Amino acid sequence: MKKVSLEVNGKKVSKEVPDHTVLSVFLREVLNLTGTHIGCDTSQCGACVVHVDGKSIKSCTALAADIEGSKVTTIEGLVSNGKMHPMQEAFKKQHGLQCGFCTPGMVMSAIDLLNHKKNPSDKEIRDWLEGNICRCTGYQNIVAAVKEAASKM
Amino acid sequence: MKTFNYHSTKDVKEATKLASSSSAFLAGGMTTLPSMKLGLASYKDIIDIKRIKKLSGIKVSGKSVTIGSTTKHAEVANSKEVKKAIPSLAALAEGIGDPQVRNRGTIGGSIANNDPSADYPSACIALNATIHTNNRKISSDKFFTGMFETSLKKGELIEAVEFQIPEKSCYQKYPNPASRYAIVGVYVAKHKSDVNVAITGAKSCVYNEKSIANALLKNFSSSSLDSLKIPSSGMNSDIHASADYRANMVKVFAKKAVDAC
């Protein structure tokens, strides 16, 4: 067992977990933050993307123990004062989701992109979202949502 | 995933002391963790080397670029120094996996794993790299010994990879649309007195395609490859591409790389 201390969505947490606990399981099963989804569980689909120390990573492929001391932001951490993040608003407005399974990862990835690049082109958005797979809506509306968010962030 | 004992280490001595026949070093974990989840690998001890400061960072001198083993792909891709000294190396790093993989995956992990379709092994061969470990220096032509095999001994730890700065170079790959691993990748590098043409994805292990290199040494232009025939024997054949297709792609991408040098 390992004691893992993190700051998750601004709150300090400290839990004892088995050494092999990955971050996605730590978030979902230990902290009950089920907004982070587990899709392929092999770092291909991107449903589990969260931010660790400001960078997007796939939480299914990082041990909770190995990010000890880090700051983690999940989809639950985006809402402020009861208002959705501009990226969430844009996904809603542009119909950037259908079943919604991939959406938390898409949103977290897209925010990381805009943190790097304020007004990305369609190609830059598509390149950046290479690691996020959507099986139902298709990508047109997702790209439109990211563009809209870019104009508001 | 079967459980293990996780160790976070602060220096190379501590890390190598913990190593045993049932341990693995963990850097980005982009291959190690999925392999363990799939039951393809299991270890008693996982030795995390990410917090060892001396293993991370980029140094550029007049002749070489040295990259610490735990340096992430995103750091190489975004490094102004690497972009200036060997732009093709920064571009290669930018094409690995996806942004999240590049934020975690490391150069040392990539070459230690020696996936037959990985990008970095081709850079090592093309750029006459020297692999610095905790107890020796290994030249890249002796490092990659077979599919997922290297000349690293048990418990030996890669500290840095030193690339020779070429006169000009280019890496071109045909990425698998899902994984971005190379179906075929060709890294052409022209040095002062030799040319290397490293091929990844085509066979069970990265290799230097001498027939193309020799033709380019005589005349560094894509037209010098027109009459070459690349045999398909020994090439991989799978659902993505047949051996004949890969053999053809080796030539197509070599020409592309030369033209873009």
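Within the same chain, aspartates and glutamates fewer than 8 places from B:LYS251 are excluded, and of the rest, those with a Cα less than 16 Å from its Cα are B:GLU209, B:ASP226, B:ASP259. Loop only per DSSP, at most 16 neighbouring Cβ atoms within 10 Å: give me the chymotrypsin sites (Phe, Trp or Tyr not before Pro) in region B:220-261, ordered by residue number. Taking region B:220-261 and a limit of 16 other Cβ atoms within 10 Å, the loop chymotrypsin sites (Phe, Trp or Tyr not before Pro) found are B:PHE220.
Using mean Cβ contacts within 10 Å as the protection proxy, how do A:8-18, B:109-119 order, highest first?
Numbers: A:8-18: 13.2, B:109-119: 22.5.
Per-residue mean Cβ counts within 10 Å order the peptides as B:109-119, A:8-18.
Return the FRET efficiency for the residue pair B:LYS63, A:HIS95: r is the Cβ-Cβ distance, R0 is 51 Å, and the value is rounded to the nearest 0.05. After rounding to 0.05, the efficiency reads 0.40.
In terms of the mean number of neighbouring beta-carbon atoms within 10 Å, the peptides A:31-44, B:228-241 order highest first as A:31-44, B:228-241. Shielding value for A:103-110 is 1, the average number of Cβ atoms from other chains within 10 Å of each residue's Cβ.
Using DSSP to call loops (not H, G, I, E or B), can you name the trypsin sites (Lys or Arg not before Pro) in region A:115-153 whose Cβ has at most 16 other Cβ atoms within 10 angstrom? The partial results should precede the final answer.
On the way: sites: A:LYS117, A:LYS118, A:LYS123, A:ARG126, A:ARG135, A:LYS147, A:LYS152; in loops: A:LYS117, A:LYS118, A:ARG135.
Hits after loop and neighbour filter: A:LYS117, A:LYS118, A:ARG135.
Computed from label points 7 Å out along Cα-Cβ, the spacing between B:SER233 and B:LYS154 is 3.7 nm.
Go ahead and run the numbers for FRET between B:SER179 and B:SER21, Cβ-Cβ distance against an R0 of 35 Å, rounding to 0.05. Before the final figure, lay out the partial values.
Values: r = 30 Å, r/R0 = 0.86.
Efficiency for this residue pair is about 0.70.
Look at where the Cα atoms of region B:142-156 and of region B:25-75 average out, and the two centres are 15 Å apart. In plain terms, the residue of B:THR106, B:THR133 with the fewest other Cβ atoms within 10 Å comes first and the most crowded comes last, giving B:THR133, B:THR106.
Placing dummy labels 7 Å off each Cα toward the beta-carbon, the span from B:LYS210 to A:ASN115 is 5.0 nm.
Which value at 222 nm does chain A reach when only helices count, each DSSP H run of 4 or more adding -39,500 (n - 2.57), with the total divided by all residues and rounded to the nearest 500 deg cm²/dmol?
Details: 4 runs with 42 residues, N = 153.
Mean residue ellipticity at 222 nm (helix-derived): -8000 deg cm²/dmol.
Among the aspartates and glutamates, which have Cα under 17 Å from the Cα of B:LYS203 when same-chain residues fewer than 8 positions away are ignored? Reachable aspartates and glutamates: B:ASP115, B:ASP119, B:ASP141, B:GLU149, B:ASP238, B:ASP244.
Could you rank the peptides A:73-81, B:207-215 by their average count of other C-beta atoms within 10 Å per residue, with the highest value first?
Values: A:73-81: 16.6, B:207-215: 18.6.
Going by the mean number of other Cβ atoms within 10 Å, highest first, we get B:207-215, A:73-81.
Averaging Cα coordinates gives a centre for region A:114-149 and one for region A:55-108; these two points are 14 Å apart.
What's the extension gain from A:LYS123 to A:LYS11 if we count 0.36 nm per residue and subtract their Cα-Cα distance? Kindly include the intermediate steps, with their values, before the conclusion.
Values: separation 112, 0.36 × 112 = 40.32 nm, distance 3.62 nm.
Difference between extended and current length: 36.7 nm.
With R₀ fixed at 45 Å, the C-beta to C-beta distance from B:SER139 to A:GLU29 puts the FRET efficiency at about 0.45. Taking θ as phi - 60° and the Karplus parameters 6.51, -1.76 and 1.60, the scalar couplings of region A:9-14 work out to 6, x, 10, 6, 10, 8 Hz in sequence order, x denoting glycine and proline. Total lysine pairs in region B:1-52 at Cα distances under 21 Å, for residues eight or more apart or on different chains: 9. Over chain B, DSSP H runs of length four or greater, each weighted -39,500 (n - 2.57), average out per residue to a 222 nm ellipticity of -8500 deg cm²/dmol.
For A:LYS93, the lysines whose Cα falls under 28 Å of its own Cα, not counting residues fewer than eight places away in the same chain, are A:LYS55, A:LYS58, A:LYS83, A:LYS117, A:LYS118, A:LYS123, A:LYS147, A:LYS152. Sorting B:ASP226, A:ASP112 by the number of Cβ atoms found within 10 Å of their own Cβ, with the fewest placed first, yields B:ASP226, A:ASP112.
Throughout, read-outs are computed from the coordinates displayed, never taken from laboratory work. Because the structure is predicted, anything quoted here is derived from the model rather than measured. Reconstructed Cβ throughout: ideal geometry from the backbone, glycine too, with neighbour counts over all protein chains shown.
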